[in-house]
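Structure first, then comments.
The values are calculated or read from the model by the stated rules, or taken from the named source; none is laboratory data. Just so it is clear, the structure is predicted and the values come from calculations on it, not from any experiment. Reconstructed Cβ throughout: ideal geometry from the backbone, glycine too, with neighbour counts over all protein chains shown. Please note that ligands, DNA and RNA were not included when accessible areas were found on the heavy atoms of the full protein model with its side chains. Shrake-Rupley method; radii C 1.70, N 1.55, O 1.52, S 1.80 Å.
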Amino acid sequence: MNNDHTPDAPPLADIAYVNIKHYQAEADIAESAHTVGQPMVALTGLNDAWIETHMKDGFTVGSRHGVLLPQNGDMKFAQPEERNIQITVAERREKQMAMLGAKLIERGTSARTATQAQNEAQTDNSILSLCAGNVEQAFNRALQFCIQFAGAGVAAIELNKSYEIAQLDSAAISTLLSAVQSGEMRKVDFIRYLQRINIVPQDESPEDIEDQLRNNEPEMLGR
């Protein structure tokens, strides 16, 4: 993936294709529910003479009406099972889309340019990070054109290119917090860890957050 004139394969193409199949599966489920979702009454043990005598005008089902049946007759309700092949297929498509979405932020080994290799510390080389890097490069190039047209100025943008699935590990947080309190870990590094798992906003400077925590005076109880 790059910003040259040749179009690349859309990163979300696989998810889009699976999403279409998921839509089709959901449509099949809706059609089945509309067609055979309502319970159907099945009567057994009846003959033509009984129907002509007792059910000439049909019969009503409900708690306020009884259904007269001959000896050894029976009435059952036929309804499809809640779990069917359509629901299984729809759930399978959902799992496939979840896995494809996770692969967008999976660390990869795809080819990188020299500039991308120099920025290894700021990117995880995943598909999403490479896309973000291309968008960042394109915007900065456009901003440079604007500056050249205006004759002066400075402008640049920087996008986050490091993505991880947020996993809240309470045991790890407690261990790291203990290390901070015992002086074995810097507080700023602990703040960076909290930013990486999306507990602390990533657009704030860890140093500023540390200063804010240090300057906050503890409130005394009983005032």
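A few points about this structure:
- When each of Lys95/Lys161; Lys103/Lys187; Lys21/Lys103 is checked by Cα-Cα distance, pairs over 22 Å: Lys95/Lys161; Lys103/Lys187
- Region 1-107: GluC sites (Glu not before Pro) in DSSP coil with no more than 12 other Cβ atoms inside 10 Å: Glu81, Glu82
- Extending 7 Å from the Cα toward the beta-carbon at both Asn140 and Asp4 defines two label points whose distance is 2.0 nm.
- Accessible area of region 1-113 belonging to carbon and sulfur atoms, whole % at 1.4 Å probe: 53 percent
- Sparsely packed trypsin sites (Lys or Arg not before Pro) within region 64-105, loop by DSSP, other Cβ within 10 Å at most 11: Arg64, Arg83
- Efficiency of FRET between Ala33 and Thr60 - r from beta-carbon atoms, R0 25 angstrom, step 0.05: 0.55
- A crude spin-label estimate for the pair Asn160 and Ala49, with each label 7 Å from Cα along the Cβ direction, gives 8.2 nm.
- Local electrostatic count at Leu176 - Lys and Arg +1, Asp and Glu -1, tallied over other residues with Cβ under 15 Å: 0
- If you plug the beta carbon distance of Gln24 and Asp74 into 1/(1 + (r/R0)^6) with R0 = 45 Å, you get a FRET efficiency near 0.70.
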